[in-house]
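Please read the structure below before turning to the comments.
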Amino acid sequence: MTQDIPLAPIAGWTTGPIPAYGAVILRLDYLLHPTQQPSEALQTPHFVLTAAQALELSEALKKHAAALKDGPPEGTGLPKH
């Protein structure tokens, strides 16, 4: 499945609270090709999440990262960045 999905590795991010809206801001810095340097990363727009969405995203990321803690299965063919 992932072989058909274009991948853009994350090079960094910016997050922070917006107390007046009870929200969290998120911007991702990403790379389009393997030779691109992190200093050349492109940036997404600033996304706004409710506090509930931010917590849900955090839990989903933790869950998926925990499932990979021993590394991806051998022979996945995924690029290494």
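The values are calculated or read from the model by the stated rules, or taken from the named source; none is laboratory data. Predicted model only: the values in this text are computed from it and were never measured. All Cβ positions, glycine included, derive from the backbone under ideal geometry; neighbour counts span all protein chains shown.
When the range 19-51 is filtered for residues that are surrounded by 10 or more Cβ atoms within 10 Å (Cβ to Cβ), of a type in the set (A, V, I, L, M) and farther than 21 Å from residue 7 by Cβ, the ones remaining, listed by number, are 23, 24, 25, 48, 49, 51. Screening the range 22-53 for residues that are among the hydroxyl-bearing types (Ser, Thr, Tyr) and modelled with pLDDT of 95 or more and picking the one that is nearest to the chain's Cα centre (by Cα) gives 30.
Summed over the range 14-65, residues that are part of a loop (DSSP other than H, G, I, E, B) and of a type outside the set (Val, Ile, Thr) total 10.
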